[in-house]
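Take a look at the structure below.
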Amino acid sequence: MTPIRHNHEDTDPVLDAARDCVLAVGVRRTTLTDIARRAGVSRMTIYRRWPDVRSLVGDLMTREWITVAAGAMPPSDEDRPERERIVEGLVAGAAAFRAHPLFHKIIDVDPELLLPYILDRRGASQDALLGLLHTALEDGHEDGSVRRVRPDLQARSLLLVVQSFTLSLRTMTDDTDPELSEAAFLDELRTLLERTIAP
């Protein structure tokens, strides 16, 4: 399983420029020329790395989503069951994704960008998240706080649940009913995850 790699200090001016462009006008209205101008580089510099806007935005999404997930996972603590860390990290990650401005923009303006990663294949960020989960679940098996089952099956199942809450939650919430608020559903997600992986 590929380990998650991230560096919060590592920035790429082209990806930063792409993020600004997408937030301003969405993916379909963003061009490589716009990104090059904003990044202060030539178009050829960009073409050497990315053939089109979609491939560049794919790398942007990978960077942003991995950073969100890595930031949501609490640090390891020998005095705390690994199950608690996993559940807290997944719930915090779902909330952080839903609050992320790039995620909002893509859901609102270019949702078709996400369809291949929901229906057809895993993306780099999903594989990185699975790597993070796989390691945490193995640690939970070791300390006895997580139900023992094949860790890749367990990690993939957890990611399916969290993806569903992250992507589809607004179809189920009701702004007029506090018991059907986003916070209430995230509490329910916490309960589902806890009971799913408890021994």
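With both labels modelled 7 Å from their Cα along Cα-to-Cβ, the Asp12 to Ser157 distance reads 3.5 nm.
How would you rank Met172, Met61, going from fewest to most other Cβ atoms within 10 Å of each one's own Cβ?
Working: Met172 11, Met61 24.
The order, fewest Cβ neighbours first, is Met172, Met61.
Given the choices (i) 17.6, 64; (ii) 21.0, 70; (iii) 18.3, 56, Rg and Dmax of the Cα atoms in Å derived from the coordinates of this structure is entry (iii). Exposure proxy ranking for Ile35, Ile46, Ile118, based on other Cβ atoms within 10 angstrom of each Cβ and starting from the fewest, stands as Ile118, Ile46, Ile35. Please list, in order, the residues from segment 34-73 whose amide nitrogen is less than 17 Å from a point placed 7 Å along the Cα→Cβ vector of Arg190. From segment 34-73, the list is 72-73.
In a reduced charge model with +1 at each Lys and Arg Cβ and -1 at each Asp and Glu Cβ, the chain shows a dipole moment near 1020 debye about its Cα centre.
Of the trypsin sites (Lys or Arg not before Pro) found in segment 121-157, those in coil by DSSP whose Cβ has at most 10 other Cβ atoms within 10 Å are Arg121. Ile86: net charge of surrounding residues, Cβ under 10 Å, Lys/Arg +1, Asp/Glu -1, itself excluded? It works out to a net charge of -3. The residues packed around Leu159, meaning those with a beta-carbon under 11 Å from its beta-carbon, carry a net charge of 0 if Lys and Arg are +1 and Asp and Glu are -1. Taking all Cα pairs closer than 8 Å and separated by 6 or more residues, the relative contact order of the chain comes to 24 percent. Please give me the summed charge of the neighbours of Leu189: other residues whose Cβ is under 13 Å from its Cβ, Lys and Arg +1, Asp and Glu -1. Local net charge: -2.
No value in this document is a laboratory result; all are computed from the given coordinates. Note that the structure is predicted; figures quoted are calculated from it, not measured. Ideal geometry is used to build each Cβ from the backbone, glycine not excepted, and the neighbour counts take in all protein chains shown.
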